[in-house]
Amino acid sequence: MSDDGIPESSESMGTDGIPYRFEPTATAAGLHAAHGDLEAGAETGIVVTLAGRLMLRRDQGKLFFGVLQDATGRVQLFAPEKSTPDFAGFTGLHLGDWVGVTGEVIVTRRGELSVRVGEWVRLAAARRPFPDKWHGISDTDTRYRQRYVDLWVTDEAREAFVLRSRALSVMRRWLEDRGFLEVETPVFHPIPGGALARPFTTHHNALDLDLYLRIAPELYLKRLTVGGMERVFEVARVFRNEGVSTRHNPEFTMLELYQAYADYHDIMALVEELVAHLAETLLGTTQLEYDGRQLDLSVPWRRATLTELLAEHAGLEIDLDTPRDELVRLCEERDIPVKDHDGPGKLIMELYEKTTEPELWGPVFVVDYPKEVSPLSRDHRDRPGWVERFEGIVAGRELCNAFTELVDPDDQRERFEAQEAGRAAGDDEAMVVDEDYLRALEYGLPPTGGLGIGIDRLVMLLTGTTAIRDVILFPTLRPEQGLGTPADPGDGGDGEGDADEGAGS
RNA sequence: GCGCCUCUAGCUCAAUUGGCAGAGCAUCGGACUCUUAAUCCGCAGGUUCUGGGUUCGAGUCCCAGGGGGCGUACCA
């Protein structure tokens, strides 16, 4: 390997003409940053090595212009016949081919920053033609299925995923700076818990055990708080067996965190500071425009109780002591179906979700929820029948759900049993009793504040996208027709054949 | 799940009331020493999503199925 990155030894060149490694010394964005102010016709004497895909080609006969795109952006390649090795081979490159180039940084007579091709090597052939160089891919389905193409031809897509990565990085740093420890808890749950949702099921052959993919990491994280990890968080992929939409993917990412000795007021402060910090760091401002509307994320966010908002937006002056008949009447007036076992708390929630939640834009913390619909939250210190729970509504969407955690094992058992009763009555999203979690609580959970933030929705906010599939690299889709499907992976024997060669090294 | 819309060349899109399936880009061949989605000439490229039906004749109309989008429901 020579200094300029072009392999010169046959040892490192494959028989197919493709080298085994390559070493770029510069990037497209780096060149523009370093040399963007040069005048037309400039020659720098600086030799750099770039790698990327050839995304545009302009063949002038004895002079060839190409546009090389790498992970950072695009830069022009300038290739005169008389100075370019194997000029015919170079001009024969296809759109989409990967190529490594070494040459001097220059500016053309027309003022375009370029690399004059000195040495070059093809790093991969694009056997399939790339999409229209101007229109790209318009079919969203193709974009999601062939993200490896989409990332090259749709700038906004690539930018959104770069921002997503940076957002997670900034978030982790911010939490670690505050003493939070990142942990990993099981994805396989023998008992689904921590949220109200339908789980996916799977099966472990050797243990002959039915398992659920987690719908939330909550109960495991609180076990860790019992275990003395005072501040923990997990960036958790969770799975819910529900429909897909512009706001829902069956697997999505939640940030959950638990802070010992904190209550939900502390968590509210944490959320608004974290989100404002992310916007400030990644976008340089807390004043966003989303879906054509303004959004001010600056601290502090408004705090209003659910009952206050019901009065404000729907004119409904109701509370848990409002006669049930009255609540039922209000629901029926609004075409909300009422079940026999629905208590006043459930009915108030239904009225809120129907009349008030769609009106909210935020950011606003909706504070204090009925105990009846909150099986893991601690009783409100002042309001009987209510719990210390809040949701953050931002850009009209639920961004987070948080509460002062329920710490009393006896109370928790009663809540679980109430959920079981609901399950018996036909609610297949209701929780089941988790005896081990109760045992953990019996060892003592200190006062704790907990939080779950939908990361995908947060990233949508930061990237200004309105479809969750635009922030998930490979969203859940039906398998493509006509590509062939693998043999049924289930029931594949007992695995003792040891035929797998994956996860090597 | 339900409702509405949609599917034509590798990509982006045309095709009159039902009347010979087309263009640009990409590919292939040719011209061109400062292009910027380069330009120009030429070749090739099709199960019009699938299967039925109506018709002398279907990309177009009807029925069923499939893929996708949007809305709605469940939900974060």
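What follows is calculated from the coordinates using simple rules that are stated; it is not laboratory data. Note that the coordinates shown come from a computational prediction; the quantities given were computed from them, not determined experimentally. Glycine gets a Cβ as well: all are built from the backbone with ideal geometry, and neighbour counts include every protein chain shown.
Things worth noting here:
- Packing-based ranking of A:453-466, A:261-274 yields A:453-466, A:261-274, ordered from highest to lowest mean Cβ neighbour count within 10 Å.
- Segment A:71-127 shape via C-alpha gyration tensor axes, a/c threshold 1.5: oblate
- DSSP-defined beta bridges in chain A - what % are antiparallel, rounded to 5: 90 percent
- Segment A:342-465: mean projected area of Cα convex hull, nm²: 8.8 nm²
- Relative contact order (percent, whole number), segment A:356-421, Cα cutoff 8 Å, 6+ residue spacing: 32 percent
- Sequence-distant contacts, meaning Cα pairs under 8 Å at least 6 residues apart, place the relative contact order of segment A:10-124 at 30 percent.
- Prolate/oblate/rounded label for segment A:224-281 (Cα gyration tensor, a/c 1.5): oblate
- Rounded FRET efficiency, nearest 0.05, which uses the C-beta distance separating residue A:438 from residue A:12 and R0 of 56 Å: 0.35
- Angle between chain A longest axis and helix A:155-177 axis [Cα atoms, degrees, rounded to 10]: 60 degrees
- Under 20 Å from the residue A:141 label point (7 Å along Cα→beta-carbon), backbone N, segment A:229-263: A:243-250
- Extension gain, residue A:83-residue A:411: 0.36 nm per intervening residue step, less the Cα-Cα distance, totals 110.0 nm.
- Over all pairs of different C-alpha atoms, segment A:10-124 has a mean inverse distance whose reciprocal, the Kirkwood radius, equals 14.1 Å.
- Relative contact order for chain A, counting Cα pairs under 8 Å that sit 6 or more residues apart, in percent: 12 percent
- Stokes-Einstein diffusion of chain A at 25 °C, 0.890 mPa s viscosity, Kirkwood radius from Cα pairs, rounded to a whole number: 91 µm²/s.
- Pairwise alpha-carbon distances in segment A:120-190 exceed 21 Å for 55% of all pairs.
- Of A:229, A:241, A:211, farthest towards positive along the dipole that unit charges on Lys, Arg, Asp, Glu beta carbons give segment A:136-293: A:211
- Most to least packed among A:376-388, A:163-175 [average Cβ atoms within 10 Å]: A:376-388, A:163-175
- Residues whose placed amide H lies under 5 Å from that of residue A:369, excluding near-sequence neighbours: A:387, A:389
- Angle in degrees between helix A:264-283 and the longest Cα principal axis of chain A, rounded to the nearest 10: 20 degrees
- Relative to the dominant Cα principal axis of chain A, helix A:324-333 is inclined by about 40°.
- In a fully extended conformation the segment linking residue A:237 and residue A:156 would gain 26.8 nm over its present Cα-Cα distance, using 0.36 nm per residue.
- Difference of contour (0.36 nm per residue) and Cα-Cα distance, residue A:58 to residue A:383: 109.7 nm
- Centre-to-centre, using Cα atoms only, segment A:145-224 and segment A:347-424 are separated by 23 Å.
- The trypsin sites (Lys or Arg not before Pro) of segment A:73-139 that meet both conditions, a loop assignment by DSSP and at most 10 other Cβ atoms within 10 Å of the site Cβ, are A:109, A:110, A:127.
- Centre separation in Å (Cα based) which lies between segment A:305-328 and segment A:96-135: 65 Å
- Peptides ranked, highest mean first, by Cβ atoms within 10 Å: ranges A:189-198, A:227-236: A:189-198, A:227-236
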